[in-house]
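Notes follow once the structure below has been shown.
The values are calculated or read from the model by the stated rules, or taken from the named source; none is laboratory data. Given the structure is predicted, the values throughout are model-derived calculations rather than measurements. Every residue, glycine among them, receives a Cβ derived from its backbone with ideal geometry; neighbour counts consider all protein chains shown. Accessible surface areas use protein heavy atoms only, side chains included; no ligands, DNA or RNA. Shrake-Rupley method; radii C 1.70, N 1.55, O 1.52, S 1.80 Å.
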Amino acid sequence: LSRPVTIGSLSADWQGLHPSLRIGGLTILDAAGQPALRLEHVEAEPAWVSLLLWRLRLNRLEIDSPDLAIRRQADGQIYVAGLPVKSDGGRGDFAEWLLDQRRIVIRNARLEWCDALRQADDLVLDKLEFRLENSGSHHRFGLRAQPPSRLAATLDVRGDLRGRDPSRLADWRGEFYAGLDYADLGAWRQWVDYPLAVDGAGGVRAWLEFADGRINGVTADFAVRDARVRLARDLADIPLSRAAGRLRYRDEGGIVEASGRQLSLQSGDGMKLAPTDFFLRLQEKTGTHPARGEFIANRLDLDVLSRLAGRLPVDPAFRARLADLSPAGQVAPLNVKWS
């Protein structure tokens, strides 16, 4: 930490073959010698490998009921309780230290997040529960917290990641999950970048897959009302009285797949889509093999498609052709392949 640390009380016993420490009143002092962070209840279980490395390694670190203030300045530097977090690699790098510990658990915390880089309002999370488990290059974490009631009912974030060097995130791969039981989606844009421009209220569960430094898959279950969605920057908004279903998108190895399950919507201007399942697959040209595509749907409402065409991220020539044809009616089922 490169900071003075004081301990109010210390006791020890054994958990199997590992010594276990109970620490009370652990206080970290700032550069002026004043208390910056105080942790009333901490349990730590050192690992025997610490003796070989001559650096502290923990099988378990548990912190109970901390009150944490985390701030990111406009230059990106992060401070915890006024103490700078080292993240430039080498000895003392916080991310590397974090990934070297076997298990870290935080219970019943209060977290205040101040982000000057995004110029966002302060965000307070209560009743925060956090768990991190590391095993070599495999890392899993989970976080549950209570945001302010005007933002959401409950926040649930999890991750299953593989990687070793936190300074080389392009080499990492894994999956993130985020769930909001009920949320004001527009308000969360202060702190979160969405893949789509969206406003409205409802519940969302999303899975994000990444590898090789980029996102290659997104899955979302949602049920929203009084919402507005814009699928691309140069397109008009789609006003939705309600919308629900599952959407999935994947882009990997020159193959793009998009699908929907029980997708339904009703727009503010009277457009209505009955629950629909669909699957779209586009494959790029490779060598002598031409580009290929496939579209399958249990039903296709041509009137809805025609009315939505100007707001969908499709080829402009296709959009113009669809407008000229002005199709109406339904096709059910539909299975189209082309090359």
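Per-structure values
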| quantity | calculated |
| --- | --- |
| Charge-dipole axis of the chain as Lys and Arg at +1 and Asp and Glu at -1 on Cβ define it, positive-most pick from Gln77, Ala201, Ala220 | Ala220 |
| Charged-residue dipole, Cβ positions (Lys, Arg, Asp, Glu), the range 71-138 about Cα centre, Debye nearest 20 | 260 debye |
| If the convex hull is drawn through the Cα atoms of the range 1-135, its volume per residue in Å³ | 126 Å³ |
| Karplus (6.51, -1.76, 1.60) ³J(HN,Hα), θ = phi - 60°, over the range 4-15, in Hz, Gly and Pro reported as x | x, 10, 10, 10, x, 8, 8, 9, 8, 8, 10, 10 |
| Residue with peak Gaussian network fluctuation, the chain [Cα springs, cutoff 10 Å], from Gly310, Gly217, Gly329 | Gly329 |
| Where chymotrypsin sites (Phe, Trp or Tyr not before Pro) in DSSP loops with at most 12 other Cβ within 10 Å are excluded, longest remaining stretch of the chain | 55-339 |
| Farthest positive-ward along the chain dipole, Cα basis, beta-carbon charges - from Pro19, Pro66, Asn298 | Asn298 |
| Sequence-distant residues sharing a close amide H with Thr154 (under 5 Å, placed H) | Asp181, Tyr182 |
| Percentage, to the nearest whole number, of Cα pairs in the range 256-315 over 15 Å apart | 61 percent |
| Where Rh is the Kirkwood radius over Cα pairs, Rg/Rh for the range 53-116 | 1.00 |
| Most fluctuating residue given options Ala243, Ala187, Ala328, as computed from a GNM of the chain linking Cα atoms under 10 Å | Ala328 |
| 3J(HN,Hα) from dihedral phi, the range 131-138, Karplus parametrisation 6.51/-1.76/1.60, rounded to Hz, x for glycine, proline | 9, 10, 10, 10, 9, x, 9, 9 |
| Accessible area of the chain divided out per residue, in Å², using a probe of 1.4 angstrom | 59 Å² |
| Nearest-ten-degree value, helix 316-325 long axis tilted from longest Cα axis of the chain | 40 degrees |
| Whole-Hz ³J(HN,Hα) from phi, Karplus 6.51 cos²θ - 1.76 cosθ + 1.60, for the range 37-51, glycine and proline x | 9, 10, 10, 6, 9, 9, 10, 9, 10, x, 9, 5, 5, 4, 5 |
| Charge dipole of the range 109-151 about the Cα centre (unit charges at C-beta), most positive-ward option of His138, Pro148, Trp113 | His138 |
| Sites matching trypsin sites (Lys or Arg not before Pro) across the range 1-107 that sit in DSSP coil, with at most 12 neighbouring C-beta atoms within 10 Å | Arg55, Arg91 |
| Dipole in debye (nearest 20) - the chain, about Cα centre, beta carbon charges: Lys, Arg +1; Asp, Glu -1 | 540 debye |
| For Glu62, net neighbour charge (Lys/Arg +1, Asp/Glu -1) across residues whose Cβ lies under 11 Å away | +2 |
| Carbon + sulfur, % of accessible area of the chain - ligands and nucleic acids excluded, 1.4 Å | 54 percent |
